[in-house]
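Student: What follows is a single structure, and I will ask about it in a moment.
Derivation of every value follows stated rules applied to the coordinates shown; laboratory data play no part. Small disclaimer: the values here were computed from a predicted structure and weren't measured. All Cβ positions, glycine included, derive from the backbone under ideal geometry; neighbour counts span all protein chains shown.
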Amino acid sequence: MRRVVYLGRHLMLKSRYMDKVGNGKFTTIRLGIIRPRYREVFIHSGGMVVAKARIIGTTYKRVSELTDADAVIDGFNSKDELIRELRRIYGDVNSNNWVTILTLEVVKLIGHRDDGSVGLSPVDIARLALRYNVPVNEEERRVLTELVNEGSVRKVSMKLFGSLRGRYVVRRIVRRALKHLISMGVINTG
């Protein structure tokens, strides 16, 4: 039996594997057939969003086909060590199970920047605000939803406010949502 999981925009990574993210390019081996729905994902670790990454490779293998090279690239010393970790995380893992090797490239580390930003676009902030249900009113939620759907502050200001002057309102709502994400601990700025 094949376990098929569709990966959305959010990939969880245990905090003990966070050093991988700092390398810029890394792999993660997951039990089952993982089918990414998006090319870019947010990496979550320790209850926070820590990076935005691009999936640059997806390989499917059976556990029996894994090699020491696969294990080393994923940060383990051997195939046996990797399989022990898979069993610790997933429980029963046998040689016929499928695994997915996701290769990711970090696009942005998320945290405090010298310019005061956190390195996220307004669309990314809106997406996270909606996912983490930041406390906003109905109008603000509508603006954030439209921003995710339209992908542009300019398009949302024209659609909802009929003028480019609406960009100020959209940006204010995005800044407010970012402050909530930071105060909620979803984004770490320090």
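Student: Would you mind checking the tilt of helix 122-131 against the longest principal axis of the Cα atoms of the chain, expressed as 0 to 90 degrees and rounded to 10?
Tutor: 70 degrees
Student: Taking the Cβ-Cβ separation of residue 68 and residue 95 as r and a Förster radius of 22 Å, what is the calculated FRET efficiency to the nearest 0.05?
Tutor: Once rounded, the FRET efficiency stands at 0.90.
Student: Another one. Between residue 84 and residue 109, how high is the FRET efficiency from 1/(1 + (r/R0)^6) when r is the Cβ-Cβ distance and R₀ = 30 Å? Nearest 0.05.
Tutor: Result of the calculation: an efficiency of 0.50.
Student: Turning to a different aspect of this structure: With viscosity set to 1.306 mPa s at 10 °C, what whole-number translational diffusion coefficient in µm²/s follows for segment 1-83 from Stokes-Einstein and a Kirkwood radius over Cα pairs?
Tutor: Here the translational diffusion coefficient equals 116 µm²/s.
Student: Roughly how many nanometres apart are two label points built 7 Å out from the Cα toward the Cβ at residue 149 and residue 38?
Tutor: Output for this residue pair reads 1.7 nm.
Student: Starting from the Cα gyration tensor of segment 122-183, take the square roots of the eigenvalues, sort them a ≥ b ≥ c, and report rounded, prolate or oblate (rounded when a/c is under 1.5, otherwise prolate if a/b is larger than b/c, else oblate).
Tutor: prolate
Student: To continue, here is another question. Between segment 128-190 and segment 1-35, how many Å separate their Cα centres?
Tutor: Using only Cα atoms, the two centres lie 28 Å from each other.
Student: With angles folded into 0 to 90 degrees, how steeply does helix 166-183 sit against the dominant principal axis of the chain? Use alpha carbons for both and round to 10.
Tutor: In the chain, helix 166-183 runs at an angle near 50 degrees to the longest axis.
Student: Going 7 Å from the Cα of residue 14 toward and past its Cβ, which residues in segment 44-71 have a backbone nitrogen under 18 Å from where you end up?
Tutor: 44-48, 71
Student: Throw me the Rg/Rh for the chain, computed over C-alpha atoms with Kirkwood Rh, two decimals.
Tutor: 1.06
Student: Let me ask another. I'd like the orientation of helix 79-90 relative to the chain: the angle between its Cα long axis and the longest Cα principal axis, in ° from 0 to 90, rounded to 10.
Tutor: So the inclination is approximately 50 degrees.
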